[in-house]
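Coordinate-derived values only; no laboratory data. As the structure is a prediction and not an experimental result, all values here were calculated from the model. Quick reminder, even Gly has a Cβ in these numbers, built from the backbone with ideal geometry, and neighbours come from all protein chains shown.
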Amino acid sequence: MEIGILGFGTVGKGVYELLSRNNASMSSVLGEELRIKKILVKDLNKHRQEEAYPFITDNPEEILEDRDIKLVVEVMGGIDPTYNYVERAIEKGKNVVTANKDMISAKGSELYFKARENGVEIAFEASVGGGIPIIKPMIDYISNDIVYEISGILNGTSNYIMSRMEDGMDYNSALKEAREKGYAESDPTNDVEGFDARRKLTILSSLAYKRKINVEDIPARGITDIDINDFKLAGLLGYSIKPLAMSCIRGDSIYSMVAPALVEKNNFLNNVRGVINGIRIKGESLGELMFTGAGAGKLPTATAVVGDIMDIIKGRKVKFSRFEECAIRPYSEIDMRFYVRIKTQNGGQAMEDISVIFDDVKMACLPESDDIAFITDKLTEEKLRLYLNNMRFMDSVCNIDKYLPVLEDR
Ligand SMILES: NC(=O)c1ccc[n+]([C@@H]2O[C@H](COP(=O)([O-])OP(=O)(O)OC[C@H]3O[C@@H](n4cnc5c(N)ncnc54)[C@H](OP(=O)(O)O)[C@@H]3O)[C@@H](O)[C@H]2O)c1
């Protein structure tokens, strides 16, 4: 089988390495040899010194118009011009393996049906959770159950930053360290503002609930306003804070959000630290399933890509019917507990006042600051906002700093 690769960056190089290194064993399993024929890049000069240079081109037609290339690996990222290349590859009867969450979360359904029309496959395991095999189990195994909840840490960069903040580092130093280790890009917006996690949650939720979801409908909140005192206060209350992606289905409505949220110390996601990702799926019959592993990185991600290549060559066919469109409702419409942090100059009085408003309230304060945090009763965000508005008039409360959702097992 002749393969064309679109993109030769982190993941592309990993795919090249695995296909070169493990070719003999893969060929013996598949009964045919995998041969890379061409690799597309943007800037030839960057690649002149590389071993793979003889395969490299900056002309997409050399892959798209080559009849011998039967499978295209798309690891160049973005939507434009990538979508067009992938669409054309499919129309030319080529199978596609992609790691591109931007494209799959926005256009996955169109590409899947285009592939069906043209009698080819499109596989996208690496688009969620990097090296964690989550898409294939979701399609092949979990889809026979009724999944009702997904919660996960889907972005390694923000998880790394938050883990270091839990160790006592401030946000900017943790971001700088993440950059130095190659875990954060020079512009980290997509990661720290929750947009990357939102794309992955869109893909997972669509597959889990069998609905077409618009990525922009999922509210995303970043991690940039969390500080060390939040971690200290959450710790005193028995929680850690994680960059979470959550969705659940209740009746015909899907509720979803990406936000930093408190997680109980005994929750599986509490131990998902650093750049590691973790995903928990709850299904009516299967109960709980947990997945954890490297959410990004050259070789873990390449492993997922190569797994897809092998599946396609072995003849795996994926069949979906058309998913119905489904509007997302904000998670905040569901009753949940919240962490609230306030500033006070009279801690004792503030605690008394708070316990008049909320029945079942847990509180913590930091001796060295005038911050108090508490965990509310279960209520909707709208109701919480109403209570917090009333609290602003209390003499004991100087300022309401922030509130965050709490992930609880229900
Ligand atoms: N990095 C990870 O750990 C990871 C994990 C999971 C999924 N992914 C996904 O995998 C994909 C690739 O990520 P990456 O980190 O490998 O990206 P990357 O390191 O930035 O590499 C991108 C490659 O694509 C080429 N490219 C970009 N635009 C192009 C264009 N218009 N025409 C031709 N070539 C073009 C670049 O060429 P030049 O080399 O000439 O610049 C480069 O070789 C993305 O969709 C990403 O979301 C990445």
Next on the checklist: Which lysines, if any, have their Cα less than 19 Å from the Cα of Lys402, not counting same-chain residues under 8 positions apart?
Outcome noted: Lys232, Lys242, Lys343, Lys362, Lys378, Lys383
Checklist outcome for this item: Under a Gaussian network model of the chain whose springs join Cα atoms within less than 10 Å, the largest fluctuation of Gly152, Gly108, Gly347 belongs to Gly347
Checklist entry - So for the stretch 335-407, Kirkwood radius off the Cα pairs, Stokes-Einstein at 4 °C and 1.567 mPa s: how many µm² s⁻¹? => result 107
Checklist entry - Among the lysines, which have Cα under 22 Å from the Cα of Lys298 when same-chain residues fewer than 8 positions away are ignored? => result Lys13, Lys37, Lys38, Lys42, Lys46, Lys101, Lys136, Lys176, Lys181, Lys200
Item to check | Alpha-carbon Debye profile of the stretch 194-301, log10 I(q)/I(0) at 0.14, 0.19, 0.22 Å⁻¹ | outcome: -0.64, -1.14, -1.37
Checklist entry - Quick one: what Rg and Dmax do you get for the stretch 271-395 from the alpha carbons, in Å? => result 23.3, 70
Item to check | Taking the C-alpha atoms of the stretch 119-172, convex hull volume expressed per residue in Å³ | outcome: 119
Checklist outcome for this item: Reduced to Cα centres, the span from the stretch 80-116 to the stretch 254-283 in Å works out to 30
Checklist outcome for this item: Relative to the chain, whose Cα atoms define the longest principal axis, helix 381-391 and its Cα axis are tilted in degrees, nearest 10, by 30
Checklist entry - So how tilted is helix 171-180 from the main axis of the chain? Cα-based, degrees 0 to 90, rounded to 10. => result 20
Checklist entry - So how tilted is helix 10-21 from the main axis of the chain? Cα-based, degrees 0 to 90, rounded to 10. => result 50
Checklist entry - Can you give the Rg and Dmax of the chain based on its C-alpha atoms, in angstrom? => result 23.6, 77
Checklist entry - Between the stretch 1-58 and the stretch 293-333, what is the C-alpha centre distance in whole Å? => result 22
Checklist entry - Rounded, prolate or oblate: which one fits the stretch 32-138, using the alpha carbon gyration tensor with axes a ≥ b ≥ c (rounded when a/c is under 1.5, else prolate when a/b beats b/c, else oblate)? => result prolate
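Which chymotrypsin sites (Phe, Trp or Tyr not before Pro) does the stretch 138-235 hold that lie in a coil by DSSP with at most 16 other beta carbons within 10 Å?
In loop regions of the stretch 138-235 (DSSP not H, G, I, E or B), the sparsely surrounded chymotrypsin sites (Phe, Trp or Tyr not before Pro) are Tyr141.
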Checklist entry - Taking the chain as a Gaussian network, Cα atoms linked when under 10 Å apart, which of Ser355, Ser28, Ser151 shows the biggest mean-square fluctuation? => result Ser28
